Amino acid sequence: MSSPSHVADTPITDRAQLVDYIASGEKPRADWRIGTEHEKFGFRLDDLRPPSFDGDRGIEALLKGLTRFGWEAIEEKGRVIALSKDGASVTLEPAGQLELSGAAVETIHQTCVEVGTHLKEVKQVADELQLGFLGMGFQPKWRRDEMPWMPKGRYQIMKSYMPKVGQLGLDMMTRTCTVQVNLDYASEADMVKKFRVSLALQPVATALFADSPFTEGRPNGYQSYRSHIWTDTDGDRTGMLDFVFEDGFGYERYVDYLLDVPMYFSYRDGIYHDASGKSFRKFLRGELDVLPGALPTLRDWSDHMTTAFPEVRMKKFLEMRGADSGPWNRICALPAFWVGLLYDDAALDAAWDLVKDFSLAERHALRDGVPKHALKLPFRGGTVRDLAREAVKIAIGGLQRRARLNSKGVDEAGFLDALVEIVEANETPAERKLALFHGAWQGNIDRVFREFAY
């Protein structure tokens, strides 16, 4: 997905280049792909603590161990901080949460094979290091000061900036995990419709995937505490982007939004220059005081786009950001949900009909209420469960009409079984874990690591 380096190093002199960069993501339907990313918490089997970067049983040792499967090591200052292979990568979040950024594939069947293969490889290496991995939205046991930090330049800059703009940014960095899917658009009008539908329905995904009910070993009063954390991370770069629903929304309006998001850094000659809180608009005029006279490049712009964290994010594709991480079947269900809604015309129309008359106040009420109440949040005389049931039904229809069959002749709709079960039981993954915590586990959070590890 990245541009050749000479293109990335082209200086930007005009806002139109930034708009063109996003527009260049347009693809004909035949070329639409699915890119799925998921994060997970590592823990040491003996004491359940998160592994440090260094050491015989550290995260770097795990990454090096994965190279036996053909992954190529990526280094920063001589340390292995990531892996790449065939368009996919394995990267580290700030506290060592392990992320698979999948390749751009054509079907959910391929996504699920990719995820399954990755988890198998990780387990083989992790077993040797006496490590385990857990998919949840928030670290259920350890305090923020007990989490390690990975040696990545951009994280040091964010670490010092976050406390200036919100109470929970460091928790977002060190104690959360998510699953996301990146999806394509054909044109500006197609992007606008998909952006609006997915933004309005993001709280429904948050409710269905809610799986972060514990903080430091106790229930925290939320079902998706991960989602709540974003409400007090950094108001300049998070939220529901009300302007997406305004007349005239398109690439240019999104570029203007990004230009107003304060910078974190500029990466030049292997060095992260701290530009935290500074204006990209000034950078465009060559007036960035930390890099006097320098103009931004397309690489700077591409990096800057990744430092905005709204519920749906646009780069050269749309990124769905509302879900807590979870087990294998829900990692497959998340892309299935959004592909079913957005990649079939009839489904996209039906989904738009579902959300088009939501008021701004209703969209915010959903976003603000779902982290605590999930499916049981009241909405228009019913609950979010009613919305979720309808959305899942539309997605199933979309996948059935897409008719992408595996070798056994089965379409992709089965990947939504996990969500159908959640809707029918009216019980989120978080509520299931809370019931175990208050029942069979007798208040012992350690059981979650044993019973829900991959």
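The values are calculated or read from the model by the stated rules, or taken from the named source; none is laboratory data. Every value quoted in this text rests on a predicted model; they were computed, and no experiment measured them. When we count neighbours, we look across all protein chains shown, and the Cβ atoms used for this are built from the backbone with ideal geometry, even at glycine. Ligands, DNA and RNA are excluded from the accessible area calculation, which covers all protein heavy atoms including side chains. Shrake-Rupley method; radii C 1.70, N 1.55, O 1.52, S 1.80 Å.
Some points to look at:
- Accessible-area composition of the chain, carbon plus sulfur, in percent [1.4 Å probe]: 49 percent
- When each of the peptides 349-361, 99-111 is scored by the mean number of other C-beta atoms lying within 10 Å of its residues, the order from highest to lowest reads 99-111, 349-361.
- Ranked packing of 227-236, 159-168, 387-396, 197-206, most packed first, by mean Cβ within 10 Å: 197-206, 387-396, 227-236, 159-168
- FRET efficiency, 1/(1 + (r/R0)^6) with R0 30 Å, evaluated for residue 231 and residue 186 via beta carbons: 0.35
- Stokes-Einstein, applied to the Kirkwood radius of segment 64-122 over Cα pairs at a viscosity of 1.306 mPa s and 10 °C, places its translational diffusion at 131 µm² s⁻¹.
- Environment charge at residue 303 (Cβ cut-off 12 Å; Lys +1, Arg +1, Asp -1, Glu -1): +3
- Per the Debye formula on identical point scatterers at the alpha carbon atoms of segment 298-453, with no solvent, log10 I(q)/I(0) at q = 0.21 Å⁻¹ is -1.42.
- Separation of the residue 218 and residue 64 label points, Cα + 7 Å toward Cβ, nm: 4.1 nm
- Modelled spin labels at residue 386 and residue 9, positioned 7 Å past Cα toward Cβ, are 5.9 nm from each other.
- Free-standing Cys, the chain [no other Cys Cβ under 4.7 Å]: 177
- Aspartates and glutamates with Cα under 16 Å of residue 141, excluding same-chain neighbours fewer than 8 positions away: 46, 47, 171, 211, 216, 446, 451
- Here residue 164 is the anchor, and the aspartates and glutamates within straight C-alpha reach of less than 19 Å, apart from those fewer than 8 places off in the same chain, are 145, 232, 234, 236, 260, 274.
- Residue 130 versus residue 329: modelled label distance in nm, points set 7 Å from Cα along the beta carbon direction: 3.3 nm
- Positive-end extreme of charge dipole, segment 251-330 - chosen from 262, 304, 328 (charges on Cβ): 328
- Remark: the residue 256-residue 281 segment gains 8.1 nm on full extension, using 0.36 nm per residue and subtracting the alpha carbon distance.
- The length gained on full extension between residue 72 and residue 315, counted as 0.36 nm times the residue separation minus their Cα-Cα distance, comes to 84.9 nm.
- Estimated D of segment 364-421 in µm² per second, where Rh is the Kirkwood radius over Cα pairs and Stokes-Einstein applies at 10 °C, 1.306 mPa s: 123 µm²/s
- Mean-position separation - Cα centroids, segment 36-61 and segment 193-224, in angstrom: 25 Å
- Given +1 at the Cβ of Lys and Arg, -1 at the Cβ of Asp and Glu and no other charges, the dipole of segment 1-74 around its Cα centre is 280 debye to the nearest 20.
- Relative packing of 133-141, 368-376, 83-91, which averages over residues the other C-beta atoms within 10 Å, highest first: 133-141, 368-376, 83-91
- Entries of 27/193; 194/316; 393/433; 315/372; 193/315; 27/316 with Cα pairs more than 19 Å apart: 393/433; 315/372
- FRET efficiency, residue 46 to residue 85 (Cβ-Cβ, R0 25 Å, nearest 0.05): 0.20
- Using the Cβ-Cβ distance between residue 406 and residue 365 with R0 = 30 Å, the FRET efficiency computed as 1/(1 + (r/R0)^6) comes to roughly 0.15.
- Per residue, the chain exposes an accessible area of 39 Å² to a 1.4 Å probe, with every protein chain left in place.
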